[in-house]
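Student: Mind looking over this structure? Questions follow.
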């Protein structure tokens, strides 16, 4: 896979075997929506997989990215990718389950301008993730949570107590549903 945007454009990153990657047109739509927010942002890539969303954000000017992945091989690939791209000074890879990482980040007083939420499909992880993100309040004021799910699972984003997170945009791209929530 190749980075599509920013100063790292066309650089190759390795992806975990069998990983479900966010389609190029979906990423393009998300990054165009966030183009004014990404420069200087602190980014959290939960369920990071290859780390592509966080890496693309750094390429577009994000100040730092934290990648959370519970699969040892995928986390190893993320470390290899950030080192190979020379962005390890502004990247942190946590080999943790998302529900261990969220309270840890809260205790460290880490706040994020952008949180990418792209969990494995059909496992109810969207609902639980949003509840934990809301409970632990790791999103800056006016920060965003960008969620990805299979279109048939879009209901996971509805009727969830999200505290200060308010839906500002939702779209379907083929079989992918994207929602953008803002912390207000």
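Student: Look through the stretch 80-94, keep the residues that are in contact with a helix residue (DSSP H, G or I) (Cβ under 8 Å, 6 or more places away or on another chain) and assigned to a helix (DSSP H, G or I), and return whichever of them is surrounded by the most Cβ atoms within 10 Å (Cβ to Cβ).
Tutor: 81
Student: Also, quick follow-up: Which of the residues that make up the stretch 55-73 are in a loop (DSSP other than H, G, I, E, B) and within 15 Å of residue 3 (Cα to Cα)?
Tutor: 60, 61, 62
Student: Taking the residues in the stretch 1-54 that are assigned to a helix (DSSP H, G or I) and touching a strand residue (DSSP E or B) at 6+ places or on another chain (Cβ under 9 Å) as candidates, determine which candidate is surrounded by the most Cβ atoms within 10 Å (Cβ to Cβ).
Tutor: 54
Student: Something else now. Based on this model, can you work out whether residue 170 counts as farther than 23 Å from residue 42 by Cβ and crowded, with 17+ Cβ neighbours inside 10 Å?
Tutor: The answer is no for residue 170.
Student: Hey, any hits in the stretch 138-153 for a residue that's part of a helix (DSSP H, G or I) and within 14 Å of the chain's Cα centre (by Cα)?
Tutor: no
Student: Here is a list: 104, 117, 111. Which entry is surrounded by fewer than 22 Cβ atoms within 10 Å (Cβ to Cβ) and touching a strand residue (DSSP E or B) at 6+ places or on another chain (Cβ under 7 Å)?
Tutor: Step by step, each of 104, 117, 111 is checked, and only 111 is surrounded by fewer than 22 Cβ atoms within 10 Å (Cβ to Cβ) and touching a strand residue (DSSP E or B) at 6+ places or on another chain (Cβ under 7 Å).
Student: Can you find a residue in the stretch 166-173 that is outside any loop (DSSP other than H, G, I, E, B), in contact with a helix residue (DSSP H, G or I) (Cβ under 8 Å, 6 or more places away or on another chain) and closer than 21 Å to residue 101 by Cβ?
Tutor: no
Student: I'm trying to understand the selection: among the residues of the stretch 117-162, which are at positive phi and at pLDDT 85 or above?
Tutor: 137, 142
Student: Here's something else I'd like to know. Quick one: is residue 76 assigned to a loop (DSSP other than H, G, I, E, B), in contact with a strand residue (DSSP E or B) (Cβ under 9 Å, 6 or more places away or on another chain) and over 14 Å from residue 146 (Cβ atoms)?
Tutor: Here the answer is no, as residue 76 does not meet what is asked.
The values are calculated or read from the model by the stated rules, or taken from the named source; none is laboratory data. Predicted model, so just to flag it, every value in this text is computed and none were measured. All Cβ positions, even for glycine, are placed from backbone atoms using ideal geometry, and neighbour counts span all protein chains on display.
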